[in-house]
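S.K.: To start, I am sharing the structure in question, which I have written as structure tokens.
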2 protein chains.
Amino acid sequence: MALPRVGWIGLGIMGKPMATNLLRAGFDVVAYNRSVNRLKAWSDEGGRTASSPREAAAGADVVVTMVSDTVDVESVLFGDAGAAESVRPGSITIDMSTISPSATRDLARGLRERGIEHLDAPVSGGESGAIAATLSIMVGGEPGAFARCRGLFDALGKRVTFMGPSGSGQATKLVNQVAVLGNLAATCEALRLARATGLDLARAVDAVGGGAGASWQLANLGPKMVVGDFAPGFPVRLARKDLRLILESARELCLALPMVALVEQLFSALAAAGGDEDGTQALIRVLERPLPRP
Amino acid sequence: MALPRVGWIGLGIMGKPMATNLLRAGFDVVAYNRSVNRLKAWSDEGGRTASSPREAAAGADVVVTMVSDTVDVESVLFGDAGAAESVRPGSITIDMSTISPSATRDLARGLRERGIEHLDAPVSGGESGAIAATLSIMVGGEPGAFARCRGLFDALGKRVTFMGPSGSGQATKLVNQVAVLGNLAATCEALRLARATGLDLARAVDAVGGGAGASWQLANLGPKMVVGDFAPGFPVRLARKDLRLILESARELCLALPMVALVEQLFSALAAAGGDEDGTQALIRVLERPLPRP
């Protein structure tokens with residue numbers, strides 16, 4: 001069976017390396033991106049381009065969206081020159097962005113009415129995981145559609161988990177982000193304490209990483225905090241969006257998530273101090289100034 | 001060179017398997033424990049026993065303390081029938097408990113006046129790491145004393161890190177506990193959200209563990225939360241003691257650690273609800289009841 005023809009929408013920090021991995025795996029990929037400079041970079045590397053989501057989706061067996069937020073997915077699918085104007089019945093849309101689980105169920109209903117199966121398949125693993133094709137992919141939707149897209153997912157990630165009906169992938173991603181951003185805040189407070197105590201920070205990262213305090217966040221972002229590298233793998237702006245989605249879900253579900261609420265406020269403080277485009281590891285800067293001595 | 005003769009004080013959840021690993025590695029170990037039933041279990045497995053810290057330390061080249069808190073270490077070293085009454089000049093004391101870094105520096109001074117080198121060498125990795133001899137060990141003190149004890153540490157752990165002068169091991173352990181208990185709280189809130197959303201919890205643990213939300217806490221305690229196993233590997237009582245030590249250090253250093261403060265209060269709520277002897281994974285129970293629907 002020939003590999004499916006893929007329409008790809010969104011060539012950001014994550015989308016670009018993911019689409020490139022599909023190209024390398026032999027998929028026929030036509031990509032669209034809102035900002036022209038990122039589209040040009042894709043074209044310079046030999047990727048085929050489209051000038052709208054509609055054009056990217058025309059003739060595609062699978063349309064992948066990898067954009068920022070709920071409204072962006074709605075817009076590239078159902079907006080002017082959106083993918084829904086050209087995508088054929090019998091084909092599949094896959095949203096790999098992180099957006100609202102309940103909005104995802106609405107999108108899936110709208111697409112099913114047009115004969116299109118929709119999968120929500122958000123990812124975790126950061127820019128490094130996107131480049132190395134080692135992402136964790138959490139999928140919700142119809143099992144049959146999932147089975148048809150398995151080869152595509154395997155070209156992008158290492159752990160692909162089918163979670164259940166439409167919205168389950170996004171719900172799992174929000175669960176994932178509670179762990180990601182909670183562990184990140186814990187890493188920041190740990191290294192802030194280490195610095196204040198006068199410890200060798202690199203050695204502290206190594207010692208803590210060998211025991212029960214080990215985490216992906218410490219191993220991957222701890223060394224960046226040590227050297228003050230705040231370049232974005234995962235920008236604060238998107239972390240704040242995820243925290244908003246988590247707290248919206250908590251409200252819908254009547255749940256108390258006190259640590260998430262605190263972390264959301266710490267990121268608000270960072271954004272207010274001008275850090276919205278920094279990487280999430282810049283959260284350590286919120287805690288950087290010592291208190292006045294009594 | 002013959003292996004040093006070891007006096008071991010404290011046969012708790014961690015101390016017992018650690019002392020057993022020394023026995024297996026060929027060390028001559030004489031152990032003391034305050035409660036007689038744990039001492040008997042040690043004796044039943046062929047370990048030699050002492051009836052006081054002083055007796056355990058008599059003739060030892062190295063005296064190891066593995067007890068609960070600062071006052072316990074002070075008591076088994078300097079109290080009535082304490083190790084300091086019999087330990088010989090030229091020998092080494094190693095405290096592997098988790099206690100105050102500043103109290104550790106005082107202890108080390110007191111011992112040095114008697115010609116005894118003191119190392120602080122707290123561990124991370126939990127009961128499973130103690131049994132498997134895969135602990136992370138964070139050591140503070142004189143480099144020469146550390147070198148003499150390297151073989152003993154290697155029989156107990158996998159990652160042994162020399163952190164610097166006296167107190168540095170304990171300071172690193174507190175840094176470690178910020179990561180441990182922060183990651184644990186994040187794991188609890190993540191799985192609480194997963195349950196409320198109706199996800200398959202075991203699959204959620206698997207999916208999150210494959211990406212940027214991965215942590216030792218999720219991998220080791222997540223499955224226990226899923227099945228409701230709250231048996232203590234690391235009891236809430238000791239987690240609360242560590243959080244108290246961290247907040248005491250933060251106050252000494254004029255640091256703000258808002259997440260640690262929140263986690264300390266969540267554990268206080270758990271203890272107030274009768275969970276002080278449960279394992280730390282029981283923290284998920286604090287969040288278990290949904291809010292009343294508005």
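The values are calculated or read from the model by the stated rules, or taken from the named source; none is laboratory data. A quick note: this is a predicted structure, and the numbers were derived from the prediction, not measured. As a convention, Cβ positions derive from the backbone with ideal geometry for all residues, glycine included, and neighbour counts pool all protein chains shown. Protein only, heavy atoms only, side chains kept; ligands, DNA and RNA dropped before computing areas. Shrake-Rupley method; radii C 1.70, N 1.55, O 1.52, S 1.80 Å.
S.K.: Taking a label point 7 Å out from Cα toward Cβ, give me the nm distances from B:Ala147 to the same spot in the other copies, shortest first, one decimal.
M.R.: With the label placed 7 Å along Cα→Cβ, B:Ala147 yields 6.6 nm.
S.K.: Per residue, what accessible area does the protein assembly as shown have, given a 1.4 Å probe and all protein chains present, in Å²?
M.R.: Accessible surface, normalised per residue, equals 37 Å².
S.K.: Could you calculate the FRET efficiency of B:Glu142 with B:Ser51 from 1/(1 + (r/R0)^6), where r is the beta carbon distance between them and R0 is 30 Å, rounded to 0.05?
M.R.: E(calc), rounded to 0.05, equals 0.45.
S.K.: Something else about it: Filter chain B for me: DSSP H helices, axial length by Cα at least 27 angstrom, mean Kyte-Doolittle hydropathy not below 0.0. List them by residue number.
M.R.: Span-like helices, by this rule, are B:168-197.
S.K.: Past the 24 Å Cα-Cα mark, which pairs from A:Lys40/A:Lys158; A:Lys224/B:Lys173; B:Lys40/B:Lys241; B:Lys16/B:Lys173; B:Lys16/B:Lys158?
M.R.: Distance filter (> 24 Å) returns A:Lys40/A:Lys158; B:Lys40/B:Lys241.
S.K.: Another question, then. Using a label position 7 Å from Cα in the Cα→Cβ direction, what is the ascending list of nm distances from B:Ser51 to the same site in the other copies?
M.R.: From this label point to the equivalent ones elsewhere in the assembly: 9.6 nm.
S.K.: Let a ≥ b ≥ c be the square roots of the eigenvalues of the Cα gyration tensor of the range A:229-294; is it rounded (a/c under 1.5), or, if not, prolate (a/b larger than b/c) or oblate?
M.R.: oblate
S.K.: Going by amide H atoms built from the backbone, whose H comes under 5 Å of the H on A:Val160, apart from near neighbours?
M.R.: A:Ile137
S.K.: Take the alpha carbon gyration tensor of the range B:172-287, find the square roots of its eigenvalues, order them as a ≥ b ≥ c, and report rounded if a/c is under 1.5; if not, report prolate when a/b exceeds b/c, else oblate.
M.R.: Here the range B:172-287 falls in the prolate category.
S.K.: Using a 1.4 angstrom probe on heavy atoms only, work out the carbon and sulfur share of the accessible area of the protein assembly as shown in %.
M.R.: Carbon plus sulfur share of accessible area: 53 percent.
S.K.: Right, next: Using only alpha carbons, build the gyration tensor for the range B:5-166 and give me the equivalent ellipsoid semi-axes, biggest first, whole Å.
M.R.: After scaling each eigenvalue by five and taking roots: 21, 19, 14 Å.
S.K.: If you bin the C-alpha pair distances of the range A:75-228 every 5 Å from 0, what whole percents do you get?
M.R.: In whole percents, the pair-distance histogram is 2, 9, 16, 16, 15, 12, 9, 7, 6, 4, 3, 1, 0.
S.K.: Also: Whose Cβ in chain A comes nearest the axis that rotates A onto B, and by how many Å?
M.R.: In chain A, the Cβ lying nearest the symmetry axis toward B is A:Ser215, 2.
S.K.: Take the alpha-carbon centre of the range A:45-60, take the same for the range A:91-113, and report the distance between them in whole Å.
M.R.: Between the Cα centre of the range A:45-60 and that of the range A:91-113, the gap is 20 Å.
S.K.: While we're on this one: Counting only protein heavy atoms and rolling a 1.4 Å probe, how much accessible area do A and B lose on contact, total for both sides, in Å² to 100?
M.R.: Summing both sides, the interface buries roughly 5500 Å².
S.K.: May I ask you to find the residues of the range A:208-231 that are shielded by at least 50 Å² of accessible area once the whole protein assembly is considered instead of their isolated chain (probe 1.4 Å)?
M.R.: Buried on complex formation: A:Val208, A:Gly210, A:Ala212, A:Trp216.
S.K.: Let me ask another. Need one number for chain B: average projected area of the convex hull over its C-alpha atoms, nm².
M.R.: The number I arrive at for chain B is 16.8 nm².
S.K.: Report, for A:Arg24, each distance to the same residue's label point in the other copies, shortest first and in nm; define the point 7 Å along Cα→Cβ.
M.R.: Listed shortest first, these distances are 4.2 nm.
S.K.: Can you give the Kirkwood hydrodynamic radius for the protein assembly as shown, in Å, rounded to one decimal and based on Cα pairs?
M.R.: Computed over the protein assembly as shown, the radius equals 25.5 Å.
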